[in-house]
Structure formats: structure tokens, C-alpha cells
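Here the structure comes first, spelled out in C-alpha cells, and everything after it is commentary.
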Amino acid sequence: MDTVTITLKKVPGLYLECESVTPDKFAGKNAEEIAALPCAEGKRNYVLGDWFEIAGAAGATAADTKIVVNGAGTDKCKYIGAWMTAGEVVVNGTADMFTGAWMEGGKLTVKGDVRSFSALQMKGGEFIIEGRAWNYLAAAYRGDWRGMQGGTIRVKGDVGSDLGTFMNGGTIIVEGNADIHVGTHAEGGTIIIKGKAHRRVGGQMVKGEIYVFGGCDVMMPGFKKIEEREIEVDGEKHVFNVFIGDLGERHPKSKGEVVYGHLYTLKE
Amino acid sequence: MTEIIIKNGHVFDSVSGLKGEVADVCIKDGKIVESVGNGATVIDAAGKTVMAGAVDVHTHVAGPKVNLGRWYRPEDKFRLGERCSAKMGPNTHIEGGFSIPTVFKTGYEYARMGFAFLMEAAMPPLYARHVHEEIRDTPIQDEAALPVFGNNWFMFEYLKNGELDNAAAYVAWVLRQTKGYGIKCVNPGGSEAWGWGLNCMTVNDPVPYFEITPKEIIDGLIATNEHLKLPHSVHLHSNNLGNPGNYTTTLDSLKIAEGHKANNAFGRDTVLHHTHLQFHSYGGTTWADFESKAKEVMDYVNKQENITIDTGNVTLDETTTMTADGPFEYHLSALNHLKWANVDVELETAAGVVPYIYGKNVKVCEMQWAIGLEIALYAKDMMRTMITTDHPNAGPFTRYPRVYAWLMDKEYRDAELNGFKWSSKVIDATTLAEIDREISLYELSQMTRAAPAKVLGLGSTFGGLAPGMNANVAVYDINPDNMPKGIELENALAKAAYFFKDGVKCVENGVVLEANPVVKETYWVDAKVPENKQVLHDVSEKFLKYYSINLENYDVAHHYVPHPHVIEIEEA
Ligand SMILES: [Zn+2]
């Protein structure tokens, strides 16, 4: 795997649209060619070379390409790793909105925080956020009904509100706490929150699994406890309270059985 | 005084009778002229195709239901795995949206394809101000809008009582109030019946409480239209849209034109335009035995010379459907379980909006695609047949080049047909696979230029390249002696090599050169009628009793239409 290191020369005044910063766009290009890729600041068109020092050359394919993003001002860069299908991206800092949105494969690591709408409608790959994530992590884009379909996200810190809205598949692990609206409208997938969730967890959820180790500040009224069970989750074995819901929704049937969403909280 | 000469292009123009002959097109001060002086700017069009600016006879690009689509589909700007909003030029406004683009993108994308005039096909009179605000902000394109009359309480009463003078006076009043262009009729009676949870599925189903039938509405609207001598014919979206077996309703609706004769001074010789015929040409009784009746419907259209049609081609995209046919949209949302929005417009009309995915693996969508193409390919008179996608209902207008290429290249459309999941079922239930016809460049120039201009009563200024006409000229990188095929043809039609609007170069190599390169005009029709106290009384009474706004707040004041082009018609 070949590594390209890009380093911001200055902090952007507005925000940079960095959808060119993916292994797919870099693949097969040398530093000069990478520098010529488009990069807008607000409505002004620039190229990556106007903003970044570029060192190294990409591999022949996306899968053979690793990108490291350095420098003060990475928090002014949107869309890093968006639509990536393979390869690796590491951001040594915080990244702005839409980081890893529509990601389909490969590995994306952000050493700082990610801002809202990151991992939006993610389809595959691995996304590691070492800081915290703002709102709408792995949600469907506003208005859309097709949420996260696959892949894995791990957040070391807390997440904001509207995590995994319209989630269909894949796994999200949050090692900290979550704000309101977790897995709203979920139709599949797994959300694991090691801390606690604030409220409105699993609202209008039809299918899928939500684990909240620390419990919810307020439970939705549409969830009903059915049992207590020992389950292994993310390498830890615990006894959980098992709830089904959201009972306010119409639920599909599979092999004669009604399918419900499941919500698990740690038994004290 | 600007002079331009577009030299040595292959010119396709039925108005000047050119079928690809090499000729020069001369422009002076915004008009086509016979010749220009030696100092004229020369555009080399050798090996290229030259046509008049195109005219869209039916599109939904301005007004409350388009904006409702934009509101509740923010996701529309992220489509095709790319950011559609990222399109920006150094000198133009940022463009956004896919099936419901912003006003800027609308104007620019039409210009890139060589369009000069758009007819907004459904204007709710009460929201005419909003329609005109969006029209005003849509760059480059001259536009007009058709107010809807097919579910209007005034018209129901006048037509039911046979009061033609009152109907005409009311229509003239609405056109003046709304700065409207003509008479649109959507699901006659059905959208009103929808207010009571009902619909009108045939031309003989009476409208509840009004006891008038769709047949009487259509017949009365045609009579009113010809009495007023309006430039455009009645523009009809008939009952029973989108349902298996609906072609009989379509034929019944078309037959209403048989008793009528065109009466106008604009060169229009037809009395009824049936829009998006694809949605109205279905056989069978359910979606299971659903089949094409395009041939049956087009056999009738071909022999009935006083009607025109547009196709409503399905483009196989994820799009946003929107129509004043409120009950249809409700029905559609029950089929696809996606979002549904509905608006009722007081005494006048209603509208619904639903996202729709025309999937290449869904049998019904594949069939609809085939039926739309069949309609165009069965047409005998291309001056009565126009290509539309009923934007955005059957697909976004930005797909016109693809539809043209499917019609012009059998191999291209067959590749699509054979690639379908249900291709053998579609081949059995339609006749598309048997049709060898390929639309020529000359026929395309008729269907997209001369024919729509003529049926809108604009045939002397739009849709042709004869001296005196508006200098709207599109030049495409298409050499008729070495015709591009498939995707190459599509790309050439999508990005005009040059597009001149009113003699101003607005597009070069598919790039729009300036944000607002020309002054765009809004066309509306001022039809004079004798003073009618009855109608004025009825209007003020209904406003007092039923409308939620004052009569004084109804009309479209001048500042909404800063560049009007008024077509005045002398008293009937
Ligand atoms: Zn329409």
C-alpha cells in the first residue's frame, strides 16, 4: 500500500469541499496529478494543491492507497473519505461534516471529532472516530428514507442526536453516551451504546437491535419488556433487560412471526 | 447592432423547409434575418447540426407544487452517487437539485440542451404570484404558465348551465389576474371529487354536488377556448391517469374534440392537446395483465387531425411526481409507501407530490418506458407529436437527450430493453421490439421545435429559423453525414456546441457563459371580452363567501412579471 500525505498550508476561511480526498480519486495519480484535483472553498473553485502540501504517490488502485491528512484546519474540511470504496484514510485532527458519508468500503480513521452528518447512509467499510461525533452520525440524509446499510462505525467518545436514523444494516458502537433520537425509524442493523442514552431511543423502530448499557434517561412508551437474557455484546458478556417495540408502528411478519425492534438495557 | 452568421451548418427546420441542407443562419439584433454584412461575427458550424431553439410544451418548473417537492425532498440534491449541487461555473449561479432543480439550474440546463421557451403546465390561480416569482428567477428561458380550470367551481357552474359567455368572461378574467396563457384541465372533475374522497374514472362520472361530467367539462372548455380565440388549444390531462385499462377513457376524452373547429389568428389548427399520453395508454385490468395500448391510441390520434399530443416518456430515474391530480398521488403513495404530500387550493384545484423510483427491475416501470417510446414511434404527423417527460413526473427534463437518442437509435433502445429484468415480459406486452423506426434529425426538429411552437400559437416567432423569427439557435456537435450513435448522440444533444437566445450567445460547448445573459420574457394572454357584470358579481361574491384572501390580494401585480410579453386578442 502506498501512502500520500497531504498537509494543509493554511486554515481555510470558509469550509473546503474535500470530496476529492478519497483513495478512489487519488488512485493511480502522482503528487502533481493529485494536486490538480478539484477542491472548492464556498463557491470558489480551487485545486487541492492550492490548499495542501502533497507528498508521496498513490497506489495503482484505491485498495492500494492510503491517505494521511495533517495540519491545522482539518476541522474546516468537509467530505473527507465520502463515497470511498476501498483503501485507507487517516485524519490527524477533527474533520467537518459529511466525513465518510456514503462510504462503501475501506478504512477511515479520524483522530479527533467528526461533525454532523458523518457516515451518512454508509454502505460498507470501517470507520473509527477517536473523539466524539456530532449529530446525525450514520443517519439517512434529511428527507431520505434509506439509512445506513452496512459497515462498522466505532466512536470512542460521545455522539450527538439523531444517531442511525432509518438504519437498515451494519453496526455502530459508541463507547460514550448518546443524545436524543437513537435509531429512529430503524429497519435493521445494530447500535451499541456503552454509556447511556438520553431519550427517544428506538422511536418508530420496526426492526433492528439497540443496546444501551447505561440505560435511557426516559424510555419510549412503545417498548415492552419481554425477558432478561445473558448476551455477549462487543466482547462483553452481560445480562440484559430485553424490550420489543416500537409498538406504535405496524410491524412486518416473517415466517408467520411478527418482527419487532429490540432494545436492550443492562440489568442492574 | 449585433450581427452574427452561423456558417455552413446542416440546418434542420421545417419552417424554412430545410432538411439538413448546408446553409447559413444570419442574426441581427435578436432576430433571424436573410443576410448580414461583412463585419458579422462568424460561427463555424461546418459538420454540425443547426436547429431553432427548442420549446417545451409541458413541464413543471415553477410554483407551489414544485417548491413543495423541493421542501420535502432535500435528499433530491444528492443523487446518482454524486453531489448534484456541486455544479458551478465561474460566472453563473450555483445549481442544485436533480428531479426538482433550483430555478437557476432549470434555466441553465434547458439552455445547455438548446431550449428557449418553457410552458409551465399547471398554475393554481390562487398561487399564481408564486409561479411568477419562480419564472422571473429562471434565467434565459422565455416562459408562460397555464392556469388550471378543470376543477374550478365557477367553470362547473357556467358550463353546466351552458353559459358560454360567462365561462369565457371568467377565463379571460383569470388569465388577466394570473398573467396566464391558456386553459389547462387536469383530471376534469376528479380532483374536486377527491375533496369528497371520490374520483371521476370515466368521462361520464358526475362530479359530486356539481352534477357535471368530465365530458361536459372538456367539451365546454374547448368551446370557451375557441370562443376566446386563444393562441393555445385546451391542454388536457384526462381522467383515470396511470391505471390499467385506462386507454378507453383516453379515447373517449380525445373524441370530444371531434365536434370542434379551431378559431384563432395564431396559425393553430387543432383544438385539444392531450399531454403525457404514455400515462393514459394502458390496457389490461390489473398490474398483472397490464399491457400497452399505445398503438390503439396512436391510430386514433393519427387520423383525428385536430388534436395534438405529447409523450410523457419514462426515463428510468428516481424522480418526484407532482400533479394537480390529487387522488392519483394518494393512490401512488399507497403503492410505493414513500412520502406523500397534498395541497388543496380552495375553490380551484389540488395537488399531490410523491417520490417515485422508475426501477429497471420493476416490470411496470419497464413497460411504461416502452409505451412512451411506442407513442412517439407510432406517430405519423410529427407536427402533432411532441416529446416530453412531463418533467419531473416521468423523469427529469435533463434526460431529454437520452429519450431523443432512444428514439433515434434502435440499437440504443433495444440494448436498454434487452437489459431489463423483465425484458421478455415487456417484449410480449408491448410492440417496441418490433418497431424499426428511428426518428430523424428533421423529425426531431419538428417534435421539439416547430410542433410545440405551433400548438402554443407561437409558430411565427419560436420553433423555426425563418427571417423575422426570434434568433434562438442551437448548434450541436452532430454531423448528419456521420451520425453519432447511442451515448455519443445523447451527449451531443445534452451539451449544445452553441446556443443563441435572442441573438445572444448563452452557451458554448455545453457551458453557460453568464448568469443572466439575456432578458427573459413572460408570455401571457389578454383576451378582450365584453364587460360581464354577472361574472364580476359572482367573483366578488365567492371571494366574500369562500376565499381565504381578499380579491385585492389575488391579482399578479406588475412587479411579479417585470418583462411581460402580452398577447392581446380582440373582442370575440
Ligand atoms: Zn404534467
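Where helices (runs of 4 or more DSSP H) fall wholly inside the stretch B:318-422, the ranges with 2 or more residues that are within 14 Å of chain A (Cβ to nearest Cβ) and either at pLDDT below 95 or out of contact with any Pro (no Cβ under 7 Å at 6 or more places or on another chain) (or both) are B:326-336. Residue check: is B:Arg129 within 12 Å of chain A (Cβ to nearest Cβ) and out of contact with any Cys (no Cβ under 8 Å at 6 or more places or on another chain)? Spelling it out, it is not the case that B:Arg129 is within 12 Å of chain A (Cβ to nearest Cβ) and out of contact with any Cys (no Cβ under 8 Å at 6 or more places or on another chain).
Taking each residue of the stretch A:141-159 that is more than 9 Å from chain B (Cβ to nearest Cβ) and looking for partners that are among the basic types (Lys, Arg) and open to solvent by 50 Å² or more (accessible area, probe 1.4 Å) with beta-carbon atoms closer than 6 Å, six or more apart or interchain, yields A:Gln149/A:Lys123; A:Gly150/A:Lys123; A:Gly157/A:Arg132; A:Asp158/A:Arg132. When the test is whether a residue is buried (at least 18 other Cβ atoms within 10 Å of the Cβ) and assigned to a loop (DSSP other than H, G, I, E, B), B:Thr315 passes it. Apart from one condition, B:Glu305 fits all of (1) part of a loop (DSSP other than H, G, I, E, B); (2) away from the ligand (no atom under 16 Å from the Cβ); (3) in contact with a strand residue (DSSP E or B) (Cβ under 9 Å, 6 or more places away or on another chain); the exception is (3). Residue under question is B:Pro90, and the condition is that it be within 16 Å of the ligand (Cβ to nearest atom), more than 25 Å from A:Asp144 (Cβ to Cβ) and modelled with pLDDT under 95; does it hold? Against the criterion (within 16 Å of the ligand (Cβ to nearest atom), more than 25 Å from A:Asp144 (Cβ to Cβ) and modelled with pLDDT under 95), B:Pro90 does not qualify. For the stretch B:36-82, taking the residues that are at pLDDT 95 or above, among the charged types (D, E, K, R) and crowded, with 17+ Cβ neighbours inside 10 Å, the one that is nearest to the ligand (Cβ to nearest atom) is identified as B:Asp56. Can you confirm whether B:Val271 is within 24 Å of B:Asn152 (Cα to Cα) and more than 15 Å from the ligand (Cβ to nearest atom)? Answer is yes for this residue.
Exactly one residue among B:Lys425, B:Lys454 is under 30 Å from B:Ala527 (Cβ atoms), more than 16 Å from the ligand (Cβ to nearest atom) and not aliphatic (A, V, I, L, M), and that residue is B:Lys454. Of the listed requirements (1) open to solvent by 50 Å² or more (accessible area, probe 1.4 Å); (2) within 14 Å of chain B (Cβ to nearest Cβ), A:Ala63 misses just one: (2).
Tally time: how many residues in the stretch B:102-126 are over 16 Å from B:Gly89 (Cα atoms), within 16 Å of the ligand (Cβ to nearest atom) and of a type outside the set (Gly, Ala, Ser)? It would help to see each step written out before you state the result.
Of the residues in the stretch B:102-126, the ones over 16 Å from B:Gly89 (Cα atoms) are B:113-126.
Of the ones still in play, those that are also within 16 Å of the ligand (Cβ to nearest atom) are B:118-124.
So of that shortlist, the ones also of a type outside the set (Gly, Ala, Ser) come out as B:118-120, B:123-124.
Selection size over the stretch B:102-126: 5.
Is one or more of the residues making up the stretch A:76-89 over 23 Å from A:Lys123 (Cα atoms), modelled with pLDDT of 95 or more and open to solvent by less than 60 Å² (accessible area, probe 1.4 Å)? Yes, that holds for at least one residue. One residue stands out in the stretch A:9-38 among those that are farther than 16 Å from A:Gly56 by Cβ and away from every other protein chain (no Cβ under 14 Å): the one that is least open to solvent (accessible area, probe 1.4 Å), namely A:Pro12.
For A:Arg146, the conditions (1) among the basic types (Lys, Arg); (2) buried (at least 18 other Cβ atoms within 10 Å of the Cβ); (3) at pLDDT below 95 are fulfilled apart from (2).
Considering only residues of the stretch B:101-132 that are charged (D, E, K, R) and within 19 Å of B:Thr321 (Cα to Cα), which is most open to solvent (accessible area, probe 1.4 Å)? For the stretch B:101-132, the residue satisfying everything is B:Lys105.
Applying a threshold of 6 Å to beta carbon distances and a minimum spacing of six or more residues, or different chains, the list of pairs starting in the stretch B:264-292 at a residue that is free of Cβ contacts under 8 Å to residues at least 40 places away in the same chain and ending at one that is open to solvent by 10 Å² or more (accessible area, probe 1.4 Å) and assigned to a loop (DSSP other than H, G, I, E, B) reads B:Asp269/B:Ala262; B:Gly283/B:Lys293. I'd like to check something: does the stretch B:230-244 contain any residue that is of a type in the set (Gly, Ala, Ser) and over 21 Å from the mean Cα position of the chain (by Cα)? For the stretch B:230-244, residues of a type in the set (Gly, Ala, Ser) and over 21 Å from the mean Cα position of the chain (by Cα): absent.
Suppose we keep only residues that are among the hydroxyl-bearing types (Ser, Thr, Tyr) and away from the ligand (no atom under 16 Å from the Cβ) within the stretch B:170-197. Which one would you say is nearest to the other protein chains (Cβ to nearest Cβ)? Only one residue tops the list, namely B:Thr178. Restricting attention to the stretch A:96-116, the residues being within 18 Å of A:Gln149 (Cα to Cα), open to solvent by less than 10 Å² (accessible area, probe 1.4 Å) and either touching a helix residue (DSSP H, G or I) at 6+ places or on another chain (Cβ under 8 Å) or outside any loop (DSSP other than H, G, I, E, B) (or both) number 1. Scan the stretch A:210-268 residue by residue and report those that are assigned to a strand (DSSP E or B) and among the basic types (Lys, Arg). Within the stretch A:210-268, A:Lys224, A:Lys225, A:Arg229, A:Lys237, A:Lys253 meet the criteria.
Condition check ((1) surrounded by 24 or more Cβ atoms within 10 Å (Cβ to Cβ); (2) without any contact (Cβ under 8 Å) to a residue 24 or more places away in the chain; (3) under 30 Å from B:Glu226 (Cβ atoms)) across all residues:
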site: B:Pro392; (1), (2), (3): yes, no, no
site: B:Thr398; (1), (2), (3): no, no, no
site: B:Arg437; (1), (2), (3): no, no, no
site: B:Met447; (1), (2), (3): yes, no, yes
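Restricting the search to the stretch A:117-143, which residues are farther than 23 Å from A:Lys25 by Cβ, assigned to a loop (DSSP other than H, G, I, E, B) and open to solvent by less than 40 Å² (accessible area, probe 1.4 Å)? Steps first, please.
Pass one, the stretch A:117-143, residues farther than 23 Å from A:Lys25 by Cβ: A:130-137, A:139-140, A:142-143.
The next check asks that each one be assigned to a loop (DSSP other than H, G, I, E, B); those that pass are A:130-132, A:134-137, A:139-140, A:142-143.
Those that are farther than 23 Å from A:Lys25 by Cβ, assigned to a loop (DSSP other than H, G, I, E, B) and open to solvent by less than 40 Å² (accessible area, probe 1.4 Å): A:Gly131, A:Leu137, A:Ala139, A:Ala140, A:Gly143.
Taken over the stretch B:148-171, residues that are in contact with a strand residue (DSSP E or B) (Cβ under 9 Å, 6 or more places away or on another chain) and surrounded by fewer than 17 Cβ atoms within 10 Å (Cβ to Cβ) amount to 0.
The values are calculated or read from the model by the stated rules, or taken from the named source; none is laboratory data. Note that the coordinates shown come from a computational prediction; the quantities given were computed from them, not determined experimentally. Because the Cβ atoms are built from the backbone with ideal geometry, glycine has one as well, and the counts that use them run over all protein chains shown. With ligands, DNA and RNA removed, areas are computed over all heavy atoms of the protein, side chains included. Shrake-Rupley method; radii C 1.70, N 1.55, O 1.52, S 1.80 Å.
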